[in-house]
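Working notes, structure below.
The values are calculated or read from the model by the stated rules, or taken from the named source; none is laboratory data. As the structure is a prediction and not an experimental result, all values here were calculated from the model. No Cβ is skipped: glycine too gets one built from the backbone with ideal geometry, and neighbour counts run over all protein chains shown.
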Amino acid sequence: MADHDNPETPHACPSCPPPEPAAAPSRRSFLMSMGVSGLAVTGGGLIPRGQVQAAVPVAAESTAAPVAATPLAPGEQTVTLVVNGAKRSINVPPNAVLLDVVREKLGLTGTKKGCDHGQCGACTLHVNGTAVNSCLSLAVMHDGDEITTIEGLAQDGTLHPVQEAFWAHDAYQCGYCTSGQMMSAVAILKDARIGRDDASVREAMSGNICRCGAYKNILAAVQSARTNMPKVS
Amino acid sequence: MRHFEYSRAGDVGQAVANHAAMQNTAFLAGGTTLLDLMKIDVMRPAAVVDINRVELKQIDALPDGRVRIGALVSNTDLARHAKVVADYPVLAQALLSGATTQLRNKATTGGNVMQRVRCNYFRDGVSPCNKRTPGSGCAAVGGINRSVHAVLGTSEHCIASHPSDMCVAMAAIGATVTVQGPKGTRDIAFADFHLLPGDTPDKEHALMADEMITHVTLDAPLAGAKSAYLKLRDRASYQFALASSAIIIRLEDGVIKQARIALGGVGTKPWRAPEAEAQLVGQRPSPALFEAAASAAFKTAVAQSHNAYKIPLGQQAIVRNLSTLVA
């Protein structure tokens, strides 16, 4: 498996097409290419029936590509979200959850599904600059809203100071909670109403559970990123 | 999640009309309770009216000294509002002790008033539960009832504690819930809004058909009073109260002139304790006095199989909070 993920490894499979030069190291794109139909079957429960197959080709595209509105299926409505600065129009049924739509229809899988009930924080993203649990939102509630996901933090290839700090402080182990931790951290550091001391940061970050227990390093990373945050106008 | 009809209301009139247009309809605000319970199939609305675009996000200081809070003001914005921080510290503290940053950002004032109980038997979808399935019984009586079950205001049909911290502070402050329905608007005293379970645990509040909360108006703050919220729980953050106290107290020349005490985690509704307040008024603070007040608050308490500890714990939540406030 490592061969597939490492662009430095010589191309070992004579019958396989050469790897895309610009391809991100992507276990996901490998899985997508191997099993579109399999995913459509096994993943069918998240966004209600009929949506997953439509989602896969979108998910396989670049995340920056605009998503064109397709004809509405019965019960669906078109929702326009400004996702990481790009306008995305999508058709969703009312019971499509924002988290599932972001992951499955928009292909932005950096936002993680943990508990799916607002208890773990893995799905944290920003709606109009405010950190929320995307598992407890319907996509239809957010027509016209600006959504920022973990994919939207880095600018022009430069990591956000919070991402840099998590890297520098080794603020993760398995990494599953990390995108949610970082989205919370960014919002907290921008919010002047939240205290700067360690206790205030711990309290404000308590909605993000890390089962590996990397809290000490997460706190160190958040506090260290504070000095490098972009100035809020 | 099951399918449902979705509509978005632009104003209260439209929200109420949309709600009345179908049977089994739910208002959707922050969604932190409703969507959670819809995902586990405990709430099954056929239609959802999204009220998030309704203009109810203002906090207004009224000329009579009261503060009117729009139903859609988030728990975060309410807790951080300058007026609340200055005049109602007990409310700011209660709000910030509840849930998490992300949840408080979504959760609304009206939604918090309407939040459902955390009883596992209510949430599991299969156990007997008179709230979920009236007449089916209560699995919590004699079941596991250590953490989110009450000792005050229970009945043989339901013992779930009310989960809100915000409401406990409001019960102490005193407030009015303004609702609007097909027949117009009306005010309900906060103390009368939540109902005791009695024989009808499925009836949790005084709302009538298709009525929607539009505002919660806090009574004017007691001039010269101090207030605080003390929450005791299994872990230091992001946990429901085992016992909590919201206390407002005013002393004059070393004598307690006014006292308001409400309790969380121990009651089936946000629990005002007038018996405890009566013990305090006119007296000089002392440990013995605080013990007497705490004892009075739990005079009618009934312990369940696993939560007898809540009676001394709740009493200590009163004593410690009072002691800190008068120190």
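Observations on the structure shown:
To keep it simple, each residue is scored yes or no on (1) farther than 16 Å from B:Ile40 by Cα; (2) at pLDDT below 95; (3) among the aromatic types (Phe, Trp, Tyr); (4) in contact with a Leu (Cβ under 7 Å, 6 or more places away or on another chain).
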position: A:Leu98; (1), (2), (3), (4): yes, no, no, yes
position: A:Val101; (1), (2), (3), (4): yes, no, no, no
position: A:Lys112; (1), (2), (3), (4): yes, no, no, no
position: A:Cys115; (1), (2), (3), (4): no, no, no, no
position: A:Cys135; (1), (2), (3), (4): no, no, no, yes
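- Taken together, B:Glu211, B:Glu204 contain a single residue that is within 15 Å of the chain's Cα centre (by Cα) and touching a residue at least 40 places away in the same chain (Cβ under 8 Å), which is B:Glu204.
- Among the residues here, B:Leu222 qualifies as touching a residue at least 24 places away in the same chain (Cβ under 8 Å) and under 22 Å from B:Gln283 (Cα atoms).
- A:Gly114 out of contact with any Gly (no Cβ under 6 Å at 6 or more places or on another chain) and either farther than 24 Å from A:Asn95 by Cβ or assigned to a helix (DSSP H, G or I) (or both): no
- Only one entry of B:Leu103, B:Leu37, B:Leu91, B:Leu56 meets the criterion of being away from chain A (no Cβ under 13 Å), outside any loop (DSSP other than H, G, I, E, B) and in contact (Cβ under 8 Å) with a residue 60 or more places away in the chain, and that entry is B:Leu91.
Condition check ((1) in contact (Cβ under 8 Å) with a residue 40 or more places away in the chain; (2) away from chain A (no Cβ under 14 Å); (3) under 26 Å from A:Thr78 (Cβ atoms)) across all residues:
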site	(1), (2), (3)
B:Asp11	yes, yes, yes
B:Ala29	yes, no, yes
B:Ala47	yes, no, yes
B:Pro63	no, yes, no
B:Arg66	yes, yes, no
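- When restricted to residues that are under 16 Å from the mean Cα position of the chain (by Cα) and surrounded by fewer than 24 Cβ atoms within 10 Å (Cβ to Cβ), segment B:176-189 contains 4.
Every residue, every condition in (1) surrounded by fewer than 24 Cβ atoms within 10 Å (Cβ to Cβ); (2) touching a residue at least 40 places away in the same chain (Cβ under 8 Å); (3) not assigned by TED's automatic domain parsing to the domain that holds A:Gln181, yes or no:
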| site | (1), (2), (3) |
| --- | --- |
| A:Thr80 | yes, yes, yes |
| A:Asn91 | yes, no, yes |
| A:Leu99 | no, no, yes |
| A:Thr124 | no, yes, yes |
| A:Gly129 | yes, yes, yes |
| A:Ser134 | no, no, yes |
| A:Ser137 | no, yes, yes |
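Here is a yes/no grid of residues against (1) modelled with pLDDT under 95; (2) over 25 Å from B:Gly30 (Cβ atoms); (3) not in a loop (DSSP other than H, G, I, E, B):
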site: A:Gln163; (1), (2), (3): no, yes, yes
site: A:Tyr172; (1), (2), (3): no, yes, no
site: A:Ala185; (1), (2), (3): no, no, yes
site: A:Asn208; (1), (2), (3): no, no, no
site: A:Arg211; (1), (2), (3): no, yes, no
site: A:Asn228; (1), (2), (3): yes, yes, no
site: A:Lys231; (1), (2), (3): yes, yes, no
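Yes/no matrix, rows are residues, columns are (1) of a type outside the set (S, T, N, Q); (2) in a helix (DSSP H, G or I):
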site: A:Pro94; (1), (2): yes, no
site: A:Gly110; (1), (2): yes, no
site: A:Gln119; (1), (2): no, no
site: A:Met141; (1), (2): yes, yes
site: A:Trp167; (1), (2): yes, yes
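- Candidates B:Ile144, B:Ile173: the one that is within 13 Å of the chain's Cα centre (by Cα) and among the aliphatic types (A, V, I, L, M) is B:Ile173.
- Taken over segment B:123-135, the criterion of being of a type in the set (D, E, K, R) and either within 12 Å of chain A (Cβ to nearest Cβ) or surrounded by 24 or more Cβ atoms within 10 Å (Cβ to Cβ) (or both) is satisfied by B:Arg123 alone.
- Within segment A:79-100, the set of residues being farther than 22 Å from A:Gln155 by Cα and away from chain B (no Cβ under 13 Å) comprises A:Thr80, A:Ser89, A:Ile90, A:Asn91.
- Flag for B:Thr76 being buried (at least 19 other Cβ atoms within 10 Å of the Cβ), within 11 Å of chain A (Cβ to nearest Cβ), β-branched (Val, Ile, Thr) and without any contact (Cβ under 8 Å) to a residue 40 or more places away in the chain: yes
- Only one entry of A:His169, A:His142 meets the criterion of being more than 10 Å from chain B (Cβ to nearest Cβ) and touching a residue at least 40 places away in the same chain (Cβ under 8 Å), and that entry is A:His169.
- Within segment A:213-222, at least one residue is aliphatic (A, V, I, L, M) and either within 15 Å of the chain's Cα centre (by Cα) or part of a loop (DSSP other than H, G, I, E, B) (or both).
- Given (1) within 14 Å of another protein chain (Cβ to nearest Cβ); (2) surrounded by fewer than 17 Cβ atoms within 10 Å (Cβ to Cβ), index of the condition A:Met205 fails: (2)
- Residues that are more than 12 Å from the chain's Cα centre (by Cα) and either part of a loop (DSSP other than H, G, I, E, B) or within 14 Å of another protein chain (Cβ to nearest Cβ) (or both) within segment A:145-161 comprise A:Asp145, A:Ala154, A:Asp156, A:Gly157, A:Leu159, A:His160, listed in sequence order.
- Candidate set from segment A:160-202 (those that are closer than 24 Å to A:Gly118 by Cβ and of a type in the set (D, E, K, R)); member that is surrounded by the fewest Cβ atoms within 10 Å (Cβ to Cβ): A:Arg193
- Answer from B:Asp210, B:Asp192 - the residue that is surrounded by fewer than 23 Cβ atoms within 10 Å (Cβ to Cβ), acidic (Asp, Glu) and on the phi > 0 side of the Ramachandran plot: B:Asp210
- Residue count for segment A:192-233, restricted to those that are more than 20 Å from B:Ala99 (Cβ to Cβ) and basic (Lys, Arg): 4
- Hits in segment B:106-122 (condition: out of contact with any Cys (no Cβ under 9 Å at 6 or more places or on another chain) and within 14 Å of chain A (Cβ to nearest Cβ)): B:Lys106, B:Ala107, B:Thr108, B:Gly111, B:Arg116, B:Arg118, B:Asn120
- So B:Thr25, is it under 28 Å from B:Cys129 (Cα atoms), of a type in the set (S, T, N, Q) and surrounded by fewer than 23 Cβ atoms within 10 Å (Cβ to Cβ): yes
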